[in-house]
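Worksheet for the structure shown next.
Each value in this text was obtained by applying a stated rule to the coordinates, not by laboratory testing. No experiment lies behind these values; they were computed from the predicted model shown. With ideal geometry, Cβ positions are generated from the backbone for all residues, glycine too; neighbour counts draw on all protein chains shown.
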Amino acid sequence: MARRTDPNRKPELLAQILEHLRDQPLSAVTFRTLADALGVSPFTLVYHFGTRAELIADIIRAVGQRQQQVIDAELAVDPSLDAHIAAIRESWRGFLDPATRALLRLEFEAALLQVTDPELTVGGRDVHERWVEWGAEALERLGVPHDDAIIESRALVDQLYGVQFDLVVTGDEEAATAACDVMIDGYRARVEALIPATVA
């Protein structure tokens with residue numbers, strides 16, 4: 001009789017891997033190095049994750065869960081510019097947490113790995129695309145025309161990545177937050193001009 005697998009084991013391993021990677025480069029991940037760090041056999045990791053590319057994809061998906069929480073929270077309330085801006089600010093506040101900032105570093109690293117590693121089918125492009133989709137959807141709910149919503153959302157995401165990179169590289173929370181506030185204020189002013197008067 002075959003032994004039943006523990007459905008909680010893979011999530012447990014993934015949580016341990018993310019904790020290990022808080023101060024380790026994603027590019028150095030192998031089943032052997034992770035197995036040694038976690039005190040398990042390489043076979044255990046292969047059994048639960050398959051290939052290295054699949055393992056990294058699972059890591060990236062776990063990192064990306066933070067964005068879905070922000071998206072779900074905003075889309076669950078009636079659309080308003082105030083709610084949209086509040087969601088962006090809440091997302092930024094999340095990055096100030098050291099654990100989330102470590103995941104953000106992994107997100108950046110995954111994005112660059114995907115550019116050069118053809119085996120990685122999940123990475124930074126997916127995360128970037130989902131953020132742009134969310135932003136455009138939020139703006140269209142406010143009445144912003146589709147083409148304008150896509151452009152403004154992409155500009156927002158790209159600027160957010162810039163201040164996030166600032167935060168990760170410099171560690172200067174005060175300066176990065178000040179830059180983020182300026183960016184959000186400019187974004188709000190542009191969006192206000194795009195919302196039809198009947199909606200605003």
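Fully extending the segment from residue 54 to residue 35 would add 5.3 nm, taking 0.36 nm per residue of separation and subtracting the current Cα-Cα distance.
Here's the picture: a label point sits 7 Å out from the Cα of residue 117 along the beta-carbon direction, and within segment 158-200 nothing has its amide nitrogen under 12 Å of it. In this simple spin-label approximation, residue 15 and residue 174 carry label points 7 Å from Cα along the Cα→Cβ vector, and these lie 3.6 nm apart. Which percent of Cα pairs goes in each bin when the distances of the chain are cut into 5 angstrom slices starting at zero? Whole-percent P(r) values from 0 Å outward: 1, 7, 15, 17, 17, 14, 11, 8, 5, 3, 2, 1, 0, 0.
Take the Cα of residue 89, go 7 Å toward its beta carbon, and the backbone nitrogen atoms of segment 161-200 under 12 Å from that spot belong to 181-182, 184-185.
From most to least packed by mean Cβ count within 10 Å, the peptides 102-113, 72-83 give 102-113, 72-83. Descending by average beta-carbon neighbour count within 10 Å, the peptides 53-59, 188-194 line up as 53-59, 188-194, the highest first.
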